[in-house]
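Structure first, then comments.
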Amino acid sequence: MKFTLSWLKDHLETDAGLDEIVETLTRIGLEVEGVETRGAAVVGFRVARVLTAEQHPNADRLRLLSVDAGGPEPVQVVCGAPNARAGLVGVFASPGTVIPVSGTKLDVGTIRGIESRGMMCSERELLLSDSHEGIIELPADAPVGVDYAAWAGLDDPVIDVAITPNRPDCLGVVGIARDLAAAGLGTLRSLEVGAVHGAFPCPVDVTIDLGEVPEWCPAFALRLVRGVRNGPSPDWMQRRLKAIGLRPINALVDVTNYMTFDRGRPLHVFDAAKVSGNLVVRRGREGESLLALDGRTYRLDASICVISDDRAVESLAGVMGGEESGVSEATTDVLIESALWDPLNIARTGRALGLNSDARYRFERGIDPALTLPGLDMATQLVIDICGGEASAATLAGSVPDSRKVIAFPLSEVERLCGITVSPGEITAILTRLGFEVAGEGAERSVTVPTWRPDVGGKADLVEEVMRIVGVDAIPLTPLPRLTPVSERILTPFQSRARRTRRTLAARGLVEAVTWSFVSKAAATAFGGGQPELALANPIAADLSDMRPSLLPGLAMAARRNSDRGIGDVALFEVGQIFKGSHPADQKTAAAGLRRGTAGLMGAGRAWTGAAKPVDVFDAKADALAALEAMGGPADRVQLTADAPFWYHPGRSGTLRLGPVVLGHFGELHPEILELLDMDGPVAVFELILDAVPAPKAKATKAKPPLELSGLMAVKRDFAFLVADAVKAADIVKAATNADKKLITGVQVFDIYAGKGIEPGKKSVALEVTLQPAEKTLTDKDLEAIAGRIVAAVTKATGAVLRA
């Protein structure tokens, strides 16, 4: 929100200087982002009059000017501007002046053999606008020789304030002046707006026809002003609009822009001659379009509120008007609109169309409904004062809602919530200066919230109002006591688990990513989501429409963006929330990782020792088991099954289980998923659900005996079994391990073979079994007995036969 100091003082009677105003604004919560004085760049430039203009003897496009710049003698200037002529009053730069557009210092020069002792300047050269078709033309009565910046008001500082979304009242200079007055920096000038009594009925009627969504437009006021003369707006208005970065267009348009920034009240004007019949506020229809004032054509649908006449759509309600009914210098009869629009619908329309405007910015944050008719009267009076004409009576469709709220406010809440002591009289005075109505006596007061404060809804909001005016620095500093000499654990077990998981995955060469919690509908559906209850009612972008059911789509899209920029070998991980449904229990915390290309654990890319191999399912499995162990999960007892979800490759994936509980999945992404995401493989991924991993067992309170290591050498024996192809190696390992849990300390698959010498439909699985005796050395008889038990257990569990 930008405004000039003189503009602020139109509404605030104060003797405070710029520095005090800036400091006070920041102190009361209206952070000043910057202060700019445009006149600082044009110091030394003076108003000057061209006395004579003659043809340059050596150049067809140059003229010799004799310029009166307020000195004792006229100055000779060589100028090539097409509008240079005798009698013109413009802006003169003398030698030694720094030209703002280039930063160069002007010297006495010779141009085509003729000396030039200065220059007449264009607006572009002074950084006032992009206009450089000719030199600046000032009014004929502009005083020659005076400082141009002071005469043009360029020495008026421009203050830029950052307005938070909850303070729409401060999107007008009046609101900022009100806050400064409440902070004791002056007196708010009267804001009364005189009513305009029309001389005739408004000939254009308005109908609100919104069906089941009447809240989109609660009220629509309209007035005709006939016989106007639309030309340039007054200098004072143009200077203020230019100072805040707006380009003056014509008086009628400038009045609406001025009202937007002065009172925070957006308005719109129609050329009455271009409006066919009456106006209707309705929903857009499929196939309709509008050529807007920004020169772009927008396609409409039923989610967009529009203003139409008997011919076509004339305006996007609350966002931007149409080109065909826009006013011009030829306009003689103008319709002025002052309406109320639903903030949510305005926001949806702007986002759907990709259209921003000052009106949308204010309507979607909430404007003062009580200013609907007074705002129309004020704009009407400005139009009549500037352009002349005769106004009709106002016509109103709908009704202006009474948005005032009454809050029961215990005065003790100020001290309870903020720790500051403020007297009841001062609390009442602060709220009153801010526009609140305080009634009652005693410890609790009844406070009526003004219509321009939609952000105030409860007593805590009133406390905040008092606190920010008193000053945050008035809150006493209270050190937090140390309760114990040694600080207790701060992180919960779950937080510690997540932190250990992050450290482990980072140590394995994966880089942590933080992706959106939202994904596109297609991506959500591809990873098991896309349910209607997980679709966002008001998404921030079309491709961020659904809550993510998995961390993998976000990681995959991040990997694709890296690949698009030439970084194909990436390894990423994320720990965050996923959403399986709309209930609290459906929100889980997951840890996921992704490796693409050759980004394996041992490094990526090519080297003189040999190129790294592409990632595969085993890289994902190793990462998953490492993460599971970091979580404190039973990585040594987890079961692996081949029933991973459909977005995994069916032959290169697995599921980690602990009995019936699914802990997570790992493997390569399905080729169809890669095609949907526009990615090249291979891509190896895993995802674990932290909530599903059981917490480690509590440590025993009694001291454990010291670690006992056997002094006997371990014995290893190999077994090769013939089994059906459908038998899982994990089932064979499990059966062999259970044959003798005391002696058998390890079982590992070291070979799988199918082919020549093996009958079709079968395979050979070779195991290495480690036996660790603890009490005595195993004899051949002992080993044969144990081997028999292993073979019997595997045969019983899987139907395997010991291979000869």
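The values are calculated or read from the model by the stated rules, or taken from the named source; none is laboratory data. What you see is a predicted model, and the numbers here were worked out from it, not measured in a lab. Here the Cβ is made from the backbone with ideal geometry for all residues, glycine too, and neighbour counts use every protein chain on show. Remember, those area values only see protein heavy atoms, side chains included, never the ligands or the DNA or RNA. Shrake-Rupley method; radii C 1.70, N 1.55, O 1.52, S 1.80 Å.
Since only 709, 795, 749 are under comparison, the one whose Cα sits farthest along the positive direction of the charge dipole of segment 664-804, derived from C-beta charges on Lys, Arg, Asp and Glu, is 709.
At a 1.4 Å probe radius, carbon and sulfur cover how many percent of the accessible area of the chain? Whole-percent figure for carbon plus sulfur exposure: 53. For the pair segment 426-470 / segment 511-554, the C-alpha centres are spaced 42 Å from each other. Under 14 Å of direct C-alpha separation, and excluding same-chain neighbours fewer than eight residues apart, residue 728 reaches these aspartates and glutamates: 643, 751. Out of all Cα-Cα pairs in segment 520-669, roughly what percent, to the nearest whole number, are more than 21 Å apart? Percent of Cα pairs beyond 21 Å in segment 520-669: 50.
Taking all protein chains as they are arranged and a probe of 1.4 Å, the heavy atoms of residue 795 leave approximately 60 Å² accessible to solvent. On the principal axes of its alpha carbon atoms, segment 659-804 extends 62, 56, 25 Å, with the longest extent given first.
Per residue, the convex hull around the alpha carbon atoms of segment 728-804 comes to 92 Å³.
When only alpha carbons are used to place a centre, segment 149-186 and segment 205-260 end up 21 Å from one another. Hey, if you drop one equal point scatterer on each alpha-carbon of segment 110-210 and run the Debye formula without solvent, what base-10 log of I(q)/I(0) do you get at q = 0.12, 0.16, 0.23 Å⁻¹? Taking Cα atoms of segment 110-210 as identical point scatterers yields -0.87, -1.01, -1.23.
If you roll a 1.4 Å probe over the heavy atoms of the protein chains, what accessible area per residue do you get for the chain, in Å²?
On the way: 39970 Å² over 804 residues.
Averaged over the residues of the chain, the accessible area is 50 Å².
Computed over protein heavy atoms with a 1.4 angstrom probe, the accessible surface ordering of 668, 36, largest first, is 36, 668.
All C-alpha pair distances within segment 48-114, sorted into 5 Å bins from zero, spread as 4, 17, 25, 24, 22, 8, 0 percent across the bins.
Give, rounded to the nearest 20 debye, the magnitude of the charge dipole that segment 686-804 has about its Cα centre when Lys and Arg contribute +1 at Cβ and Asp and Glu contribute -1 at Cβ. Don't skip to the answer; put the middle values down first.
Numbers: 18 positive and 14 negative charges, 66 e Å.
That gives a dipole near 320 debye.
Quick one: which of 756/781; 521/613; 613/796; 763/796; 459/588; 9/242 span more than 28 angstrom between C-alpha atoms?
Details: 756/781 34 Å; 521/613 34 Å; 613/796 40 Å; 763/796 17 Å; 459/588 35 Å; 9/242 18 Å.
Pairs exceeding the cut-off: 756/781; 521/613; 613/796; 459/588.
Normalised by the number of residues in segment 228-303, the average gap of Cα pairs under 8 Å and 6 or more apart makes the relative contact order 18 percent. When you restrict to C-alpha pairs under 8 Å that are six or more residues apart and normalise by the size of the chain, the relative contact order lands at 8 percent.
Placing unit charges on C-beta atoms (Lys and Arg positive, Asp and Glu negative, everything else neutral), compute the dipole magnitude of segment 470-538 about its Cα centre in debye, rounded to 20. Walk me through the intermediate numbers first.
Details: 9 positive and 4 negative charges, 98 e Å.
Charge dipole, segment 470-538, about its Cα centre: 480 debye, nearest 20.
Largest accessible area first, the residues 516, 236 order themselves as 516, 236 under a 1.4 Å probe with ligands, DNA and RNA left out. Per residue, the Cα convex hull of segment 1-150 amounts to 143 Å³.
Close amide-amide hydrogen proximity is noted between residue 83 and 135, each under 5 Å apart and 5 or more residues distant or on a separate chain (H modeled in the peptide plane; Pro and chain starts excluded). Across the alpha-carbon atoms of segment 198-298, the computed radius of gyration and Dmax are 16.3, 47 angstrom.
With the Cα gyration tensor of segment 342-485 in hand, give its eigenvalues times 5 under a square root as the equivalent ellipsoid semi-axes, listed largest first in whole angstrom. Walk me through the numbers on the way to the answer.
Working: eigenvalues 324, 94, 43 Å².
That gives 40, 22, 15 Å for the three semi-axes.
Measuring between their Cα centroids, segment 483-503 and segment 760-804 lie 46 Å from each other.
Express the Stokes-Einstein translational diffusion coefficient of segment 723-772 in µm² s⁻¹, to the nearest whole number, given a Kirkwood radius over alpha-carbon pairs, 25 °C and a viscosity of 0.890 mPa s. Don't jump to the answer; show the numbers that get you there.
Working: Rh = 11.7 Å.
Translational D for this selection: 209 µm²/s.
Size of the chain: Rg and Dmax of its alpha carbons, in Å, are 39.2, 128.
Before rounding to the nearest 500, sum -39500 (n - 2.57) across all DSSP H runs of length at least 4 in the chain and divide by the residue total; then give [θ] at 222 nm in deg cm²/dmol.
Numbers: 19 runs with 194 residues, N = 804.
Mean residue ellipticity, 222 nm, calculated: -7000 deg cm²/dmol.
Using C-alpha pairs below 8 Å separated by at least 6 residues, the relative contact order for segment 674-804 is 32 percent. Taking θ as phi - 60° and the Karplus parameters 6.51, -1.76 and 1.60, the scalar couplings of segment 25-35 work out to 4, 5, 5, 9, x, 10, 5, 7, 7, x, 10 Hz in sequence order, x denoting glycine and proline. Both the radius of gyration and Dmax for segment 575-650 are 15.9, 54 Å, in that order, over alpha-carbon atoms.
Using a simple charge model, +1 on the beta-carbon of Lys and Arg, -1 on the beta-carbon of Asp and Glu, nothing else, what dipole does the chain show about its Cα centre, in debye to the nearest 20? Before the final figure, lay out each step's value.
On the way: 86 positive and 101 negative charges, 905 e Å.
The calculated dipole for the chain is roughly 4340 debye.
Restricting the calculation to Cα atoms, every distinct pair contributes to the Kirkwood radius of segment 479-555, found to be 15.5 Å. Note that segment 413-418 has calculated 3J(HN,Hα) couplings of 5, 4, 6, 5, 8, 10 Hz, one per residue in order, obtained from phi through the Karplus relation 6.51 cos²θ - 1.76 cosθ + 1.60 (θ = phi - 60°); glycine and proline are x.
Shown here: segment 606-742, whose C-alpha atoms stretch 58, 40, 40 Å along the first, second and third principal axes, sorted largest to smallest.
Backbone geometry of segment 152-157 corresponds, through the Karplus equation with coefficients 6.51, -1.76 and 1.60 at θ = phi - 60°, to 3J(HN,Hα) couplings of 8, x, 6, 8, 7, x Hz, x marking Gly and Pro.
Compute the Rg/Rh shape ratio of segment 610-670: radius of gyration over Kirkwood radius, all on alpha-carbon atoms.
The Rg/Rh ratio comes out at 1.01.
Quick note on segment 419-570: its Rg to Rh ratio, both from C-alpha atoms and Rh being the Kirkwood radius, is 1.19.
When the charge dipole of segment 650-785 is built from unit charges on Cβ atoms (+1 for Lys and Arg, -1 for Asp and Glu) and taken about the Cα centre, the candidate among 660, 760, 723 whose Cα reaches farthest toward its positive end is 660.
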